[in-house]
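Visitor: Quick one: this structure, given as structure tokens, is what I'll be asking you about.
The values are calculated or read from the model by the stated rules, or taken from the named source; none is laboratory data. Model, not experiment: these values are computed from the prediction. Heads up, the Cβs are rebuilt from the backbone with ideal geometry, glycines too, and the neighbour counts pull from every protein chain shown. Protein only, heavy atoms only, side chains kept; ligands, DNA and RNA dropped before computing areas. Shrake-Rupley method; radii C 1.70, N 1.55, O 1.52, S 1.80 Å.
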Amino acid sequence: MKTILTNIPNYYVSDENCENLYYKAIANRADAVLISPSSMKTGEKFRGRGVKTYVSISYPAGTASPDLKAQEILDCENSSGIADMYFVTAAAGYFMSGHGDNLREEMRLCAGSVRKPVCFITEAAEMTEEDLEKMCRIACEEKVRGIVTSTAFLPYDVKRATAAEVSRLKSYAHDGLKVAAFGQFHTLDEVEEAENAGADMIILNETCEIVKV
């Protein structure tokens, strides 16, 4: 299981904060960091240091149109080639209200905009089984690399994803679709629960207690 450290749920991230994130990732032997596009230039300093860089798109609301999300990926590629993978926040609420066509369009455009893996962040705990099955089916058809269980953005009034959501997603994740667990992990036991549920990736906020300073 890959471990990813992130600071994207935090309200303010300076260049120094971003540098510290990379140092924490190195100290904790994490596989990658997940940063915002505004931190990519700082991340270039850590190229070749053994930690991959994943970049978030349209986080945390995911309300941008599909073409704008794809354009943001292209803008990131043009400004810096440091991203190894992109994590796009889906317009989950719009999808759950019946607009599967919009989800397909944003997955098609974003996954097709770059020759790098693209994952989509959603809110799995809010979704019905029908929603999850349809979302995973579209993701597989549009060559998306993986689905993330939650934005883990604290102010949102949504159900918090747990290991149960990992299990639910894995039941529909055919054809190599990966599942990433992103939540408020407080103990190593919670991380182990997500891994046992089938998580291929775990995303940890750098502020959680189980991350070594």
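Visitor: Among the lysines, which fall within straight-line cross-link reach of residue 116, defined as a Cα-Cα distance under 22 Å, with same-chain neighbours fewer than 8 residues apart omitted?
Guide: 2, 41, 45, 52, 69, 143, 178
Visitor: Name the residue, out of 131, 157, 200, whose mean-square fluctuation peaks in a Gaussian network model built on the chain with Cα pairs under 10 Å.
Guide: 157
Visitor: In region 137-213, if the dipole is taken from +1 on Lys/Arg beta carbons and -1 on Asp/Glu beta carbons about the Cα centre, which of 140, 161, 171 is farthest to the positive end?
Guide: So the residue we want is 140.
Visitor: With a 1.4 Å probe and every protein chain kept in, tell me what percent of the accessible surface of region 1-136 is carbon plus sulfur.
Guide: Ligands and nucleic acids excluded, carbon and sulfur give 47 percent.
Visitor: Please work out the average accessible area per residue across region 1-107, using the 1.4 Å probe convention, and give it in Å².
Guide: Details: 4800 Å² over 107 residues.
In whole numbers, region 1-107 has 45 Å² accessible per residue.
Visitor: Next up: From the P(r) of region 1-127, could you give the percentage of C-alpha pairs in the tail past 20 Å?
Guide: 44 percent
Visitor: Per residue of the chain, what 222 nm ellipticity follows from adding -39500 (n - 2.57) for every DSSP H run with n ≥ 4, rounded to the nearest 500?
Guide: Theoretical 222 nm ellipticity from helices: -11000 deg cm²/dmol.
Visitor: Between 82, 187, 20, whose Cα lies farthest towards the positive end of the dipole of the chain when Lys and Arg beta carbons carry +1 and Asp and Glu beta carbons carry -1, centred on the Cα centre?
Guide: Towards the positive end, the residue furthest out is 82.
Visitor: Over region 131-213, how many percent of alpha carbon pairs lie in each 5 Å bin up to the one with the longest distance?
Guide: Reading upward from the zero bin: 3, 16, 25, 23, 18, 10, 4, 1, 0.
Visitor: Then there's this: Between 17, 196, 78, find the one with the highest GNM mean-square fluctuation for the chain; connect C-alpha pairs within less than 10 Å.
Guide: 78
Visitor: What whole-number volume per residue, in cubic angstrom, does the convex hull of the C-alpha atoms of region 66-134 give?
Guide: On the way: hull volume 5.7 nm³, N = 69.
It is 83 Å³ per residue.
Visitor: Farthest toward the dipole's positive end in the chain, which of 11, 119, 93, given Cβ charges of +1 (Lys, Arg) and -1 (Asp, Glu) about the Cα centre?
Guide: 119
Visitor: When the solvent-accessible surface of protein heavy atoms is calculated with a 1.4 angstrom probe, in what order do 116, 143 fall, highest first?
Guide: Values: 116 55, 143 165 Å².
Reading off the accessible areas and sorting them downward yields 143, 116.
Visitor: Still on this structure, I have one more. Which residue, 192, 106, 16, tops the fluctuation ranking in a GNM of the chain built on C-alpha contacts under 10 Å?
Guide: Evaluated over the chain, the most mobile residue of the options is 16.
Visitor: Working from the alpha-carbon coordinates of the chain, get Rg over Rh, Rh being the Kirkwood radius.
Guide: Working: Rg = 15.8 Å, Rh = 17.0 Å.
In the chain, Rg relative to Rh is 0.93.
Visitor: Can I ask one more? Could you tell me the accessible area of residue 170 in Å² (1.4 Å probe, neighbours in place), rounded to the nearest ten?
Guide: Result for residue 170: roughly 70 Å² accessible.
Visitor: Taking the Cα centre of region 77-213 as origin and charging only Cβ (+1 Lys, Arg; -1 Asp, Glu), how large is the dipole, in debye to the nearest 20?
Guide: Details: 14 positive and 24 negative charges, 91 e Å.
In total the dipole reaches around 440 debye.
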